Amino acid sequence: MERRYNFNAGPSALPQEVLDHAQSELLSYQQLGMSIMEFSHRSKEYQKIHDGANELLRELLNIPDDYEVLFLQGGASLQFSMIPMNFLSEGQQGNYVITGSWAQKALKEAEKIGNTFIGSSSQADDFRSIPDLGTIKYSDQDAYVHLTSNNTIHGTQWKHFPKNDQSRFIADMSSDILSRSLPVDQFSLIYAGAQKNLGPAGVTVVILKKDMLKNIPDNLPTMLDYRTHVDKKSLYNTPPSFAIYMLSLVLQWTKNNGGIQAIEKLNAEKTNLLYDTIDGSKGFYNGTADKLSRSSMNVTFRLPGKELEELFLKEAEEEGFVGLKGHRSVGGCRASLYNAVPIESVHALCDFMHTFHHKHNI
Ligand SMILES: *Cc1c(COP(=O)(O)O)cnc(C)c1O
């Protein structure tokens, strides 16, 4: 069975080695005669995977000791609600930097809980850019400042993160966590649904500074209170054990491949190949994001005219390329180059794009 060139935005490509490994022990985990899915989440076998994933993530991202690492459910989308429920007290405001649709969704949930404020927005330029750090507005009332590190739909990414003493920065890193080195200590909370760079859907990683636990109100539903998951080490109830097992394999794969530095370098090579193809096409392919804000994970581009775009997507599909259609809200094309997308897939895509360009030169 030949594997396809997978450029899906999420769920997305997983490393073939990881899938092979999972397959090899799917029926009998470590010759124990049961699938890991069939073990109790209280068993020592599962506990080892659970703790191992936590430790490996800490190691790979260099997470300081005053941070907790949690494995939750409900996707990044539940974090949109949990963050204001836990941290947005009366008399304060949630400060949101709006750089795309996911940021808008996060803001919408916070509005239901308390006061909000938009510290900056790139909506006026159709989310083509990330704001200059100096232009973001802060206030003494900010309970936190929320940003989206990589805008999966619009193809933009923060290259640097804001830093100051008062602001508690919170970041949705669903689509670029583990893709580059990360100054964890500049954030109070980082969260990411696993299904882009970390593993399969079903588990959400939360990296939380311990001092954030001080002011959580006592009337929250147990499952929506971060303290529950901190106290029980993400084992208050049944965790998504298979997803966490897959996460542990992806983290091991990342380590075996040289860790974040090596992955970041390879990601840059992949991204440059594709942007060079776009920029070298004399406008046939048109990158939609502002050059300085371009994402290394989601490359968004357009072709001249809807008909050519549709033909491009159709022929790409026939050639074995998957997931190149842009998000339904913005149209166009998008290639997602997450960690697990091999550089060979990117070479194949660039070759296909050259061929298509020459065939349909206008
Ligand atoms: C995919 C994505 C989400 C949504 O994640 P779910 O796990 O489906 O809730 C949120 N934010 C960003 C930046 C994303 O890329």
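The values are calculated or read from the model by the stated rules, or taken from the named source; none is laboratory data. Every value quoted in this text rests on a predicted model; they were computed, and no experiment measured them. Neighbour counts run over all protein chains shown; Cβ positions are idealised from the backbone, glycine included. Surface accessibility is based on the protein's heavy atoms, side chains included, excluding ligands, DNA and RNA. Shrake-Rupley method; radii C 1.70, N 1.55, O 1.52, S 1.80 Å.
Values as computed for the structure displayed
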read-out	value
Selected residue (criterion: farthest from Phe127 (Cα to Cα)) from residues of region 302-325 that are open to solvent by less than 30 Å² (accessible area, probe 1.4 Å) and without any contact (Cβ under 8 Å) to a residue 60 or more places away in the chain	Ala316
Unique residue being touching a residue at least 12 places away in the same chain (Cβ under 8 Å) and surrounded by fewer than 17 Cβ atoms within 10 Å (Cβ to Cβ) when the list is Gly283, Gly287	Gly283
Number of positions in region 124-146 that are open to solvent by 40 Å² or more (accessible area, probe 1.4 Å) and either closer than 11 Å to Val97 by Cβ or not assigned by TED's automatic domain parsing to the domain that holds Asn95 (or both)	4
Test: residue in region 12-25 that is more than 30 Å from Glu264 (Cα to Cα) and in contact with a Gly (Cβ under 9 Å, 6 or more places away or on another chain)	no
Residue count, region 305-331 (criterion: modelled with pLDDT under 95, part of a loop (DSSP other than H, G, I, E, B) and at negative phi)	4
Matching residues, region 198-214, being more than 16 Å from the ligand (Cβ to nearest atom) and either within 20 Å of Pro240 (Cα to Cα) or assigned to a strand (DSSP E or B) (or both)	Leu208, Lys209
Among the residues listed as Asn62, Asn8, the single one being on the phi > 0 side of the Ramachandran plot, touching a residue at least 12 places away in the same chain (Cβ under 8 Å) and not charged (D, E, K, R)	Asn62
Matching residues in region 257-275 - criterion: being touching a residue at least 24 places away in the same chain (Cβ under 8 Å) and open to solvent by 30 Å² or more (accessible area, probe 1.4 Å)	Gln261, Glu264, Leu266, Ala268, Glu269, Leu273
Which listed residue is open to solvent by 10 Å² or more (accessible area, probe 1.4 Å) and within 16 Å of the ligand (Cβ to nearest atom), from Gln166, Gln195, Gln157	Gln195
Filtered residue count, region 169-192, keeping only those that are β-branched (Val, Ile, Thr), within 12 Å of the chain's Cα centre (by Cα) and either assigned to a strand (DSSP E or B) or more than 13 Å from the ligand (Cβ to nearest atom) (or both)	1
Residue, farthest from the ligand (Cβ to nearest atom), within region 1-36, restricted to residues that are under 19 Å from Gln252 (Cα atoms) and open to solvent by 100 Å² or more (accessible area, probe 1.4 Å)	Gln30
Every pair of residues 6+ apart whose Cβ atoms lie under 9 Å, when the first sits in region 16-40 and is free of Cβ contacts under 8 Å to residues at least 60 places away in the same chain while the second is acidic (Asp, Glu) and part of a helix (DSSP H, G or I)	Tyr29/Glu38; Tyr29/Glu45; Gln30/Glu45; Leu32/Glu45; Met34/Glu45
Scan of region 215-226 for residues that are more than 16 Å from the ligand (Cβ to nearest atom) and within 14 Å of Ile83 (Cβ to Cβ), ordered by number	Asn215, Ile216, Pro217, Leu220, Asp225, Tyr226
Failed item in (1) open to solvent by 10 Å² or more (accessible area, probe 1.4 Å); (2) modelled with pLDDT of 95 or more; (3) among the small types (Gly, Ala, Ser), with Ala335 passing the rest	(1)
Residue ranges of helices (runs of 4 or more DSSP H) in region 215-280 with at least 1 members over 26 Å from Ser77 (Cα atoms)	241-256, 259-279
Scope region 198-227; condition crowded, with 18+ Cβ neighbours inside 10 Å and among the polar types (S, T, N, Q); matching residues	Thr204
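Table: residues versus (1) assigned by TED's automatic domain parsing to the domain that holds Asp172; (2) touching a Ser or Thr at 6+ places or on another chain (Cβ under 7 Å).
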position: Phe187; (1), (2): yes, no
position: Ala194; (1), (2): yes, yes
position: Lys209; (1), (2): yes, yes
position: Pro217; (1), (2): yes, no
position: Leu235; (1), (2): yes, no
position: Pro239; (1), (2): yes, no
position: Phe242; (1), (2): yes, no
position: Ile263; (1), (2): no, yes
position: Thr271; (1), (2): no, yes
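Conditions tested, residue by residue: (1) without any contact (Cβ under 8 Å) to a residue 12 or more places away in the chain; (2) open to solvent by 40 Å² or more (accessible area, probe 1.4 Å); (3) more than 16 Å from the ligand (Cβ to nearest atom).
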{"residue": "Ile49", "(1), (2), (3)": "no, no, yes"}
{"residue": "Glu55", "(1), (2), (3)": "yes, yes, yes"}
{"residue": "Leu78", "(1), (2), (3)": "no, yes, no"}
{"residue": "Met82", "(1), (2), (3)": "no, no, no"}
{"residue": "Lys108", "(1), (2), (3)": "no, yes, no"}
